[in-house]
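Trainee: Quick one: this structure, given as C-alpha cells, is what I'll be asking you about.
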Amino acid sequence: MTPNMTARPPADIGVSLDDIDTPALLIDLDAFERNLRRMGDAARRSGLALRPHAKTHKSPMIAHKQIALGAVGVCCQKVSEAEVMAHAGIKDILVSNEIVGRTKIGRLVALAREVRLSVCVDDADNVRALSRAAVDYGANLDVLVEIDVGANRCGVAPGTAALELAGIVARAPGLVFAGLQAYHGPAQHTRDYGERGAQIAVAIRQTEQTRELLSSHGLDCRVISGAGTGTYLLEASAKVCTELQAGSYIFMDGDYAKNRAADGGPFGEFEHSLFVHTAIMSRPTAGRAVVDAGLKALGVDAGMPDVSGLDGARYIRASDEHGIVSLEGPAQSVSIGERLNLIAANCDPTVNLHDWYVGVRDERVEALWPISARGPGF
Ligand SMILES: Cc1ncc(COP(=O)(O)O)c(C=O)c1O
C-alpha cells in the first residue's frame, strides 16, 4: 500500500514545457477540465449517478475533482486503489471486481469500517468468505452480483444464476445485497456505432430481465452499475443502470478515438488530454528519430501511440527505454532535443508506469499530482 514516492517529479511548478524532464506524463489541464465537465453534465442530464472509474487515473486529486462536479464516489478495480482513495478522503467506493484471498478480503472489510464500500461477487464460496470476514471485523459490506452481459470476463449468467447468488448474499450475515453490476468491456471499443448499440441493447435486456426476476423474489436492486466511455450514452438513455462507471473519458486514449459516432464520423465527445512528453535523443537517419519514451513509459498493449501534431511522424516500435519514430516529409526537420507528445493507445497501463502527472496550461507547469495508487498490487 505504500505509495511509490521515491521518484522526483519531472518538473517544478511554473517552469515552461522545455524544462520538463522527459519522459513525463502531461495533462493538458484545459482539455482535461472540459472532459470532466462534459461527463458530469451528461450524467446530470440523464438523471443517473456518475461513479467514474479511478483505475484510469489512480489519483485521489482527480477523484476529488470528479466528485466536486457531481460524481457520487468512485469505482476502483483493486483493494490497493480503494485504500489509497479512502485514505485520501473519498467516502463512497465500489470495488467493481471480485476480491479473493484472506489477506485481501481482510483489507477490504477493514476499509468498509471507514467508508461506504461495495464489492462485486460471482461465486458462492467467495460470498461466504466475505461474510465471515465482515462479521469478524464488525463491518457491513454492500455487495453487487456481477452478471456477464457479453464481456466473457467475470460474472454469473444473467437470470436464475444471478437470482441464486443474490439470495445467498441476502442471507449472509455482514453483507447487504445492493444490486447488480453489468459492465460490457468489449462493447466500449466496438468501432461501429450500430454494432456497439446492438451489444448494449442485449446487455440492457439481460440486466432488466434479471432485475425483474430478482424483484419478483423480493430482492430489489438499489444499484445497477455499468457503462464505460464508449457506451455511457446508450446506458444513460436506457435507464436500467442507476450509475455510470466511465473512466477513460478524462484522458481519451488513442484507441477510443478510433470508435465511430452515430453519423460514422469520429467519436469526438472527449478530447485527448493525456500525453507522454518525450525528447528526441538520436537522429540516426533522415527518416528515423529515437525518443526517450519506450516500454517503461508507455503502455503499448492496444498498439503504438500516435504522435500529436506532427504530420509524417509515426511511432513504430518500442523497446525498453527507446521509441523509434519514422519520419516522412516535413517531419524530417525535427532535431535532437526537440519534444514530441505521444497519445497512448491505452491510457490506464500508461498511467500505471508513472509516478507523477504534470499538469500544463498555457505552456507552463501548473500542477504536479502524485499517481498515488499506481503499481501492480491488487
Ligand atoms: C468494471 C469496469 N467499469 C468501468 C470501466 C471503465 O471503462 P472506460 O475506461 O472504458 O470508461 C472499466 C474499464 O475497463 C471496467 O473494467
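The values are calculated or read from the model by the stated rules, or taken from the named source; none is laboratory data. Fair warning: this is a prediction, and the values are worked out from it, not measured in the lab. Cβ coordinates were reconstructed from backbone atoms using ideal geometry, including for glycine residues, and neighbour counts include every protein chain displayed. Keep in mind that these areas ignore ligands, DNA and RNA; they rest on the heavy atoms of the full protein, side chains included. Shrake-Rupley method; radii C 1.70, N 1.55, O 1.52, S 1.80 Å.
Trainee: Using Cα springs under 10 Å in a Gaussian network model of the chain, which residue among Ala262, Ala82, Ala49 shows the largest mean-square fluctuation?
Mentor: Ala262
Trainee: If I stretch the segment between Arg37 and Arg205 completely, what's the gain in nm (0.36 nm per residue apart, minus their alpha carbon distance), one decimal? Intermediate results must be reported in sequence, preceding the final value.
Mentor: Details: separation 168, 0.36 × 168 = 60.48 nm, distance 2.98 nm.
Working it through step by step, the gained length comes to 57.5 nm.
Trainee: For the stretch 54-112, what is the relative contact order in percent, using Cα pairs closer than 8 Å and at least 6 residues apart in sequence? Don't jump to the answer; show the numbers that get you there.
Mentor: Values: 58 pairs, mean separation 19.6, N = 59.
Reported as a whole number, the value is 33 percent.
Trainee: I've got another one for you. At a Förster radius of 25 Å, what calculated FRET efficiency corresponds to the Cβ-Cβ distance of Asp192 and Ser237, to the nearest 0.05?
Mentor: On the way: r = 18 Å, r/R0 = 0.73.
Efficiency, from the Cβ-Cβ distance: 0.85.
Trainee: How many percent of the accessible area of the chain is carbon or sulfur, using a 1.4 Å probe?
Mentor: Values: 7810 of 15510 Å².
Roughly 50 percent of what the probe reaches on the chain is carbon or sulfur.
Trainee: P(r) for the stretch 298-373: what percent of alpha-carbon pairs falls in each 10 Å bin, starting at zero?
Mentor: 16, 43, 35, 6, 0
Trainee: FRET efficiency for Val15 and Ile336, Cβ-Cβ distance as r, R0 = 22 Å, nearest 0.05? Could the numbers behind the result be given before it?
Mentor: Numbers: r = 21 Å, r/R0 = 0.94.
Using R0 = 22 Å, I get an efficiency of 0.60.
Trainee: With only Lys, Arg, Asp and Glu charged, each at its Cβ (+1 for the first two, -1 for the last two), find how big the charge dipole of the stretch 221-366 is about the Cα centre; round to the nearest 20 debye.
Mentor: Values: 12 positive and 20 negative charges, 38 e Å.
Around 180 debye, computed over the stretch 221-366.
Trainee: Can I ask one more? Please give the contour-minus-distance gain from Arg116 to Val176: 0.36 nm per residue of separation, less the Cα-Cα distance, rounded to one decimal in nm.
Mentor: Working: separation 60, 0.36 × 60 = 21.60 nm, distance 1.19 nm.
Full-extension gain reported as 20.4 nm.
Trainee: Oh, and also: When DSSP assigns beta bridges and you keep just the ones with both residues in the chain, what percent turn out antiparallel, to the nearest 5? Don't skip to the end; give the middle numbers.
Mentor: Values: 30 of 61 bridges.
DSSP beta bridges in the chain are roughly 50 percent antiparallel.
Trainee: Which whole-number value in Å² is the accessible area per residue of the stretch 1-153, probe 1.4 Å?
Mentor: Per residue, the stretch 1-153 has an accessible area of 42 Å².
Trainee: If the chain between Thr285 and Asn140 were fully stretched, how many nm would it gain, using 0.36 nm times the residue separation less the Cα-Cα distance? Don't skip to the end; give the middle numbers.
Mentor: Values: separation 145, 0.36 × 145 = 52.20 nm, distance 6.33 nm.
That pair, Thr285 and Asn140, stretches by 45.9 nm at full extension.
Trainee: Over the stretch 126-268, what is the mean sequence separation of C-alpha contacts under 8 Å (at least six apart), divided by residue count, expressed as relative contact order in percent? Please list the in-between numbers first.
Mentor: Details: 243 pairs, mean separation 32.0, N = 143.
In percent, rounded to a whole number, it is 22.
Trainee: Which whole-number percentage describes the relative contact order of the chain, with Cα contacts under 8 Å and a sequence gap of 6 or more? Intermediate results must be reported in sequence, preceding the final value.
Mentor: Numbers: 863 pairs, mean separation 82.0, N = 378.
Relative CO of the chain lands at 22 percent.
Trainee: Starting from the 7 Å offset along Cα-to-Cβ, what nm value, one decimal, do you get for the label separation of Arg8 and Ser215?
Mentor: Output for this residue pair reads 6.0 nm.
Trainee: In the stretch 171-204, which residues have a backbone nitrogen under 17 Å from the label point lying 7 Å from Arg128's Cα in the Cα-to-Cβ direction?
Mentor: Residues 171-175 fall inside that zone.
Trainee: Rounded to the nearest whole Å², what accessible area per residue is found for the stretch 160-313 with the 1.4 Å probe? Could you put the intermediate results ahead of the total?
Mentor: Numbers: 5940 Å² over 154 residues.
With all protein chains present, the stretch 160-313 gives 39 Å² per residue.
Trainee: Between Tyr232, Tyr315, Tyr256, which gets the highest mean-square fluctuation from a Gaussian network model of the chain, Cα cutoff 10 Å?
Mentor: In this elastic network of the chain, the residue with the biggest mean-square fluctuation among Tyr232, Tyr315, Tyr256 is Tyr315.
Trainee: Here's a follow-up. Taking 7 Å along the Cα-to-C-beta vector as the label spot, tell me the Met61-Arg314 distance in nanometres, rounded to one decimal.
Mentor: It works out to 3.6 nm between the two label points.
Trainee: Sum -39500 (n - 2.57) across every DSSP H segment of at least 4 residues in the chain, then divide by the residue count to get the 222 nm mean residue ellipticity, nearest 500.
Mentor: Details: 10 runs with 113 residues, N = 378.
Here the helix-only value at 222 nm equals -9000 deg cm²/dmol.
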